[in-house]
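Take a look at the structure set out below.
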Amino acid sequence: MDVRAAVAFEAGKPLQIETVQLEGPKAFEVLVEVKATGICHTDEFTLSGADPEGLFPAILGHEGAGVVVEVGPGVTSVKPGDHVIPLYTPECRQCPSCLSRKTNLCTAIRATQGKGLMPDGTSRFSFQGKPIHHYMGCSTFANFTVLPEIAVAKVRDDAPFDKICYIGCGVTTGVGAVLNTAKVEPGAKAIVFGLGGIGLNVIQGLRLAAADMIIGVDLNPDRKEWGERFGMTHFVNAKEAGKDLVPLLVDMTKKGADQIGGADYTFDCTGNVNVMRQALESCHRGWGVSVIIGVAPAGAEISTRPFQLVTGRVWKGTAFGGARGRTDVPKIVDWYMDKKIEIDPMITHILPLPEINKGFDLMHKGESIRSVVVY
Ligand code: NAD
Ligand code: AHE
Ligand code: ZN
């Protein structure tokens with residue numbers, strides 16, 4: 001079938017809107033009509049050429065919501081008409097990782113997904129007779145896409161697509177990093193570095209976890225108001241603090257008899273390895289946990305003095321907020337519908353597909369939190 005897609009033909013070049021061909025679902029696959037997709041910084045990361053796994057041409061996009069229109073042989077968990085959120089972290093419930101109960105990083109199809117292919121090693125998308133790569137197993141920058149059955153979460157059908165698409169990445173990543181990965185307890189002190197589409201969701205996760213002190217750090221002064229909107233208690237402008245940022249943050253977290261200072265939990269939501277170091281080093285001696293969420297370019301490496309770890313600070317990472325997609329995503333949709341979490345104010349721009357490049361421009365200029373393309 002013909003579908004409309006924003007195609008990434010080359011790194012560093014704008015997406016091109018084209019009519020491309022999509023084959024129907026094979027065994028254990030589903031065809032989904034994508035109704036809306038967010039634009040995440042990770043799409044920009046791959047489009048920029050910084051992603052060591054980046055492949056071109058590809059149909060990017062991994063933060064979608066839509067409706068199942070057809071299922072391939074063997075599919076039992078969803079049917080045409082079901083509302084679904086595509087999962088870049090699938091949940092097969094059978095692989096050693098899923099069965100371990102220690103991680104959400106299902107390994108059933110990761111190898112082919114990383115090669116931009118469906119699990120049978122082929123692509124369903126093509127343009128002028130040549131295959132186009134899938135992206136993160138999702139390719140939501142097309143109005144129809146094919147996904148493995150294990151990579152869709154069935155969600156309630158009264159939830160608006162143009163809001164819940166954000167649960168496909170940003171919301172789940174931010175809130176999940178707090179609840180699943182860090183397991184923040186009430187009364188905690190936390191620092192969030194980078195108050196964009198992910199960082200603001202970390203802040204609302206911290207509010208949900210009843211953290212006492214939520215310090216937000218960003219270079220963009222406009223982000224102060226944004227952080228406060230979701231529960232941030234203090235803001236630090238990283239540009240103004242300069243080299244004094246870590247001692248300043250440590251000082252801010254000193255309280256009563258505890259004059260050592262440092263946060264119980266810190267979160268990197270920038271993808272900058274220097275910030276990741278600042279985040280670790282502003283943790284409390286003995287127990288502070290720093291969670292890396294940001295994705296860093298090919299070749300970038302993190303460093304710190306081993307002493308930071310010897311003295312009890314812990315460095316962790318999280319993908320998709322530690323969420324098991326088919327199990328947890330429907331619950332997060334319920335939290336949104338029950339007003340336990342907010343999404344609407346973070347969606348600052350709604351765009352039609354032909355204007356998708358504007359969404360990337362807004363991100364570069366720091367003018368959007370989330371842009372959502374509605375088909
Ligand atoms: P964004 O562009 O919306 O936000 C980034 C924020 O960081 C901006 O507010 C920016 O001003 C701020 N920032 C940049 N450099 C900074 C610095 N040196 N100090 C302080 N603040 C700084 O991006 P996003 O969509 O929120 O994504 C954030 C990161 O998370 C990206 O690296 C993205 O690829 C990654 N990500 C990871 C996962 C995961 O599962 N681990 C999921 C989604 C996104
Ligand atoms: N391809 C990159 C890694 C990108 C990455 O870490 N992606 C996150 C999700 S970011 C969503 O916006 C993730 O899920 N990682 C786990 C995985 O299996 O990819 C690189 O550096 O190679
Ligand atoms: Zn993302």
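A few points about this structure:
- Condition check for G54: over 21 Å from the mean Cα position of the chain (by Cα) and either modelled with pLDDT of 95 or more or open to solvent by 20 Å² or more (accessible area, probe 1.4 Å) (or both): no
- Residue within region 190-206 that is more than 13 Å from ligand 1 (Cβ to nearest atom) and surrounded by fewer than 18 Cβ atoms within 10 Å (Cβ to Cβ) present: no
- The set of residues in region 46-96 being part of a loop (DSSP other than H, G, I, E, B), charged (D, E, K, R) and within 16 Å of ligand 1 (Cβ to nearest atom) consists of D51, E53, E91.
- Residue match in region 296-317 (condition: within 16 Å of ligand 3 (Cβ to nearest atom), surrounded by fewer than 17 Cβ atoms within 10 Å (Cβ to Cβ), at pLDDT 95 or above and part of a loop (DSSP other than H, G, I, E, B)): yes
- Count of residues meeting criterion [open to solvent by less than 70 Å² (accessible area, probe 1.4 Å), within 16 Å of ligand 1 (Cβ to nearest atom) and touching a helix residue (DSSP H, G or I) at 6+ places or on another chain (Cβ under 8 Å)] in region 97-142: 9
- Residue satisfying condition, being within 16 Å of ligand 2 (Cβ to nearest atom) and open to solvent by less than 30 Å² (accessible area, probe 1.4 Å), within set C283, C269: C269
- Residues that are among the small types (G, A, S) and free of Cβ contacts under 8 Å to residues at least 12 places away in the same chain, drawn from region 73-82: none
- If you go through region 104-132 and pick out every residue that is away from ligand 3 (no atom under 16 Å from the Cβ), under 22 Å from the mean Cα position of the chain (by Cα) and touching a residue at least 40 places away in the same chain (Cβ under 8 Å), you end up with 6.
- Annotation note: Cβ proximity below 8 Å between a residue of region 320-333 that is closer than 14 Å to G170 by Cβ and open to solvent by 10 Å² or more (accessible area, probe 1.4 Å) and a residue that is of a type in the set (A, V, I, L, M, F, W, C) and not in a helix (DSSP H, G or I) (sequence gap 6+ or interchain) occurs for I332/A323; I332/I341.
- Among the candidates G197, G256, residue that is of a type outside the set (A, V, I, L, M) and under 19 Å from the mean Cα position of the chain (by Cα): G197
- Test result for V71, more than 16 Å from ligand 2 (Cβ to nearest atom), more than 24 Å from T348 (Cα to Cα) and either touching a Cys at 6+ places or on another chain (Cβ under 6 Å) or open to solvent by less than 30 Å² (accessible area, probe 1.4 Å) (or both): no
- Residues (open to solvent by 10 Å² or more (accessible area, probe 1.4 Å) and more than 13 Å from T318 (Cβ to Cβ)) located in region 256-266: G256, A257, D258, Q259, I260, D264
- Close pairs from region 48-72: first aromatic (F, W, Y), partner in a strand (DSSP E or B), Cβ under 7 Å, at least 6 apart: F56/A8
The values are calculated or read from the model by the stated rules, or taken from the named source; none is laboratory data. Note that the structure is predicted; figures quoted are calculated from it, not measured. Cβ atoms come from the backbone with ideal geometry, glycine included; neighbour counts cover every protein chain shown. Accessible surface areas use protein heavy atoms only, side chains included; no ligands, DNA or RNA. Shrake-Rupley method; radii C 1.70, N 1.55, O 1.52, S 1.80 Å.
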